[in-house]
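Asks: Before anything else, here's the structure in question.
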Amino acid sequence: MSRPQRALVLGAGGQVGGDLLLELLAANADVIPVDQLPAESTNAYKKLTQLAPNDSWSPNWEQVDVTDAAAVADLVARTRPDVIYHLAAVLSAAGEAHTGLCWTINVDGRRNVLDAIVGLQDRPPNAIRSDRGDDERGANAASPTLVWPSSIAAFGLPPGAASSADGYTATEEWPFFPITMYGVTKVAGEKLGEYYARRSKVDFRSIRFPGLISSVEPSGGSSDYANEMYFRASHAEPAECFVQRQARIPFMHMDDAISALLQLAAADRDRLTHSTYNITAFPAPSAMEMVASIQRRMLDFCVTYEPDGREVNVLSWPNELDDSAARTDWGWLPEIDSLDNMTDKLLAEFSAARR
Ligand code: AKB
């Protein structure tokens, strides 16, 4: 019987990592959660302890900082994963406040993971000893597939656009004009992945995500105005929206983002015509349309629009992502394919999380 795939989740305590970890555990994958923080200090901890038996993930929790090249190389060599989901990152708003840290984690951390994968290629297979007991992976495991999230933030204001990418749809060929350090690190990360794929045959696969929303509290994103509104609505509290009511970017429920990562990881390499794919789920809503969608369910929900320094980031992102290549190459299809479906699911999840 073939052994279950071993997955390394870097950034397992974050907004995406926590939900990916839960999905992998539900599929009985051999998963190793990794974060720079101890599990109990991460955003995902509460949801992980609510939805998964502690002994299914906490004994395997590894505390490794992706900026520590030696620790990353040791982790990858010791665990010999079949697939690495590299989710550790500083998001756009936090990245503007801490540009050096954003670069170090998002780019140097990225290079450390790529170098660790290449390092496996230079190690004779029998030199590998997994601390989970020698197994056939040590003798003949292939180089791990690396799956990494890029972002709509890699794009930016197209030439000639005054202050907003309103009305623009980005294809895979759209030019990169990121206006945030986070967006710059996403472009750098994509190009690093392509370079290592060309030069060292690393199986690098990536998705440019729109704004993502789940019941795990986000941290440091400019698209988090949406998460904030759902969170406040589910607590029957008023919300302050830090972008103007007309601000419009694409969003997706986290469940679809997780499905897409797993689907791309499992896709037949020969069918992939891009190393990084756009995906989206439904037509981009304005902030005002999102409020109206919530008010269908929470009649008393009210919002005040208080644009702040994060708004300029959101307005620089295209209104839509053309995801036809993902649909053609690896069968991408969203499950939650409308704003109202996403709203209903999120409000139910937030209310369940409060019980
Ligand atoms: C952010 O807002 O920084 C992220 C993103 C759009 O990638 N959620």
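The values are calculated or read from the model by the stated rules, or taken from the named source; none is laboratory data. These numbers were taken from a predicted model, which means no experiment stands behind them. Note that each Cβ is placed from the backbone with ideal geometry, even for glycine, and that neighbours are counted across all protein chains shown.
Asks: So is residue 90 within 16 Å of the ligand (Cβ to nearest atom) and part of a loop (DSSP other than H, G, I, E, B) or not?
Replies: Yes; evaluated as a whole, the condition is true for this residue.
Asks: Still on this model: What is the residue count in region 313-345 for residues that are in contact with a Gly (Cβ under 6 Å, 6 or more places away or on another chain) and either loosely packed, with under 13 Cβ neighbours inside 10 Å or farther than 26 Å from residue 207 by Cα (or both)?
Replies: Summing the residues that are in contact with a Gly (Cβ under 6 Å, 6 or more places away or on another chain) and either loosely packed, with under 13 Cβ neighbours inside 10 Å or farther than 26 Å from residue 207 by Cα (or both) in region 313-345 gives 0.
Conditions (1) surrounded by fewer than 21 Cβ atoms within 10 Å (Cβ to Cβ); (2) β-branched (Val, Ile, Thr); (3) at pLDDT below 95; (4) within 16 Å of the ligand (Cβ to nearest atom), marked per residue:
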{"residue": "7", "(1), (2), (3), (4)": "no, no, no, no"}
{"residue": "14", "(1), (2), (3), (4)": "no, no, yes, yes"}
{"residue": "24", "(1), (2), (3), (4)": "no, no, no, no"}
{"residue": "29", "(1), (2), (3), (4)": "yes, no, yes, no"}
{"residue": "49", "(1), (2), (3), (4)": "yes, yes, yes, no"}
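Asks: Residues in region 68-94 that are surrounded by 17 or more Cβ atoms within 10 Å (Cβ to Cβ), of a type outside the set (A, V, I, L, M) and within 22 Å of the chain's Cα centre (by Cα): how many?
Replies: 5
Asks: Looking at this structure, is residue 287 farther than 14 Å from residue 241 by Cβ, modelled with pLDDT of 95 or more and in contact with a strand residue (DSSP E or B) (Cβ under 9 Å, 6 or more places away or on another chain)?
Replies: In short, no.
Asks: For region 178-219, which positions are at pLDDT below 95 and of a type in the set (Gly, Ala, Ser)?
Replies: Answer for region 178-219, where residues must be at pLDDT below 95 and of a type in the set (Gly, Ala, Ser): 214, 215, 219.
Asks: Suppose the filter is under 22 Å from residue 172 (Cβ atoms), of a type in the set (A, V, I, L, M) and loosely packed, with under 14 Cβ neighbours inside 10 Å; does residue 348 pass it? Give the derivation first.
Replies: On the way: under 22 Å from residue 172 (Cβ atoms): no; of a type in the set (A, V, I, L, M): yes; loosely packed, with under 14 Cβ neighbours inside 10 Å: yes.
Spelling it out, it is not the case that residue 348 is under 22 Å from residue 172 (Cβ atoms), of a type in the set (A, V, I, L, M) and loosely packed, with under 14 Cβ neighbours inside 10 Å.
Asks: Could you check, for region 291-312, whether at least one of its residues is crowded, with 23+ Cβ neighbours inside 10 Å and within 16 Å of the ligand (Cβ to nearest atom)?
Replies: no
Asks: Can you tell me which residue in region 201-215 is nearest to the ligand (Cβ to nearest atom), limited to those that are part of a loop (DSSP other than H, G, I, E, B) and over 21 Å from residue 112 (Cβ atoms)?
Replies: The qualifying residue nearest to the ligand (Cβ to nearest atom) is 210.
Asks: If you check every pair at least six apart or on different chains, which have Cβ atoms under 8 Å apart with a residue in region 212-226 that is under 20 Å from residue 305 (Cα atoms) first and a residue that is among the β-branched types (Val, Ile, Thr) and part of a helix (DSSP H, G or I) second?
Replies: Every condition considered, the pairs that remain are 222/314; 223/314; 225/314.
Asks: Is there a residue in region 273-290 that is of a type outside the set (A, V, I, L, M, F, W, C), more than 26 Å from residue 188 (Cβ to Cβ) and either within 14 Å of the ligand (Cβ to nearest atom) or free of Cβ contacts under 8 Å to residues at least 24 places away in the same chain (or both)?
Replies: no
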